[in-house]
Amino acid sequence: MLMGPQNSLEQVRIVRNRIESAIRAASRNVDSVTLLAVSKGQPANSIRAVAEAGVRDIGESYVQEALEKIEQLRDLAVTWHFIGRLQANKTRLIASHFDWVHGVERLKIAERLSEQRPFHAPPLNVCLQVNIAGEGSKGGVTPAELPALAAAVAVLPRLKLRGLMCIPPDEEDPARQRIWFAAMRRAFEELNAAGAALDTLSMGMSGDFETAILEGATFVRIGTALFGARRLSATNPTAPQPQ
């Protein structure tokens, strides 16, 4: 069953209340955290319902699936974020259709995005992905490699380096979660102390976003808590997934 407008409104309200509670616990400004709805595997109607409930930032991970939805939802005033793994053969489509990219981990990819961003479009906002725990199964630069990549990306035309992104280890203990998010915040602060002028920390998902907010997250990427289980197949976005 697709999520109806009333259900979407309630889910958005619940998630926003949790975000606001975490912001208060961190003694931060109420407007300092943006809810980014992770809609991979969700049909366009579910995204529309969430957008009509007030969510203005939408994150997608699969290019072809995202392009279909962007076309179907062209009438909506939303900001599109690419949050998936970046492939060199997809950079032109990403540079042309998205407002943000959250997973830049190689200079070559950043150079392609810069070269392929349309001249008439505003600069493409980018975040560098940091493999904060050094996990072999995840992408991202090491903290040691980060300053050099940040310096190189910051001077590329038609890109605007905004901040950092991470997908930390899956920890259930909030104290363990906080270790990784604190490490990301320190990396962010060190870059800014060196003159980077970053303003974005994209970290925290459905299972740990409250802890991420305590450590300075400015974007929290929420999928399951908003939409429930994915409804579309990643390989065939028009086919329903088994429930």
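The figures follow:
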{"item": "Residues of type aspartates and glutamates that K90 reaches as a straight line, Cα spacing below 20 Å, ignoring anything fewer than 8 places off in the same chain", "result": "E60, E65, E68, E71, D99, E105, E111, E115"}
{"item": "Vicinal HN-Hα couplings computed from phi for region 27-37 (Karplus, 6.51 cos²θ - 1.76 cosθ + 1.60; Hz; Gly/Pro x)", "result": "6, 10, 5, 4, 9, 8, 10, 10, 7, 10, 7"}
{"item": "Given charges at Cβ of Lys, Arg, Asp, Glu: the chain dipole, positive-most of S46, G134, S206", "result": "S46"}
{"item": "Positive minus negative residues near R112 (Lys, Arg vs Asp, Glu; Cβ under 14 Å)", "result": "+3"}
{"item": "Semi-axis lengths, Å, region 7-95, gyration tensor of Cα atoms, sqrt of 5 times eigenvalues", "result": "26, 16, 10"}
{"item": "For region 68-180, with +1 on Lys and Arg beta carbons and -1 on Asp and Glu, the positive-most of H97, G84, P169 along the dipole", "result": "H97"}
{"item": "Under 14 Å, Cβ to Cβ, from R16 - net charge with Lys/Arg +1 and Asp/Glu -1", "result": "-1"}
{"item": "Percentage of interatomic Cα-Cα distances in the chain larger than 30 Å", "result": "23 percent"}
{"item": "Tail weight of P(r) past 15 Å, computed on alpha-carbon pairs of region 69-139, percent", "result": "55 percent"}
{"item": "HN-Hα J in Hz across region 98-103 - Karplus 6.51, -1.76, 1.60, θ = phi - 60°, x for Gly and Pro", "result": "10, 9, 9, 10, 9, x"}
{"item": "Distant-in-sequence amide H partners of D57 (H built 1.01 Å from N, under 5 Å)", "result": "A37, T79"}
{"item": "Inverse mean reciprocal Cα-Cα distance (Kirkwood Rh) of region 97-238, Å", "result": "16.0 Å"}
{"item": "Cut-off under 5 Å, modelled amide H: who pairs with L159 long-range", "result": "L124"}
{"item": "Amide H partners (placed H, <5 Å) of F219, local residues excluded", "result": "T34, L201, S202, M203"}
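Each reported figure results from applying straightforward, stated rules to the coordinates on display, with no laboratory input. Computed from a predicted model, the values in this text were never measured in an experiment. With ideal geometry, Cβ positions are generated from the backbone for all residues, glycine too; neighbour counts draw on all protein chains shown.
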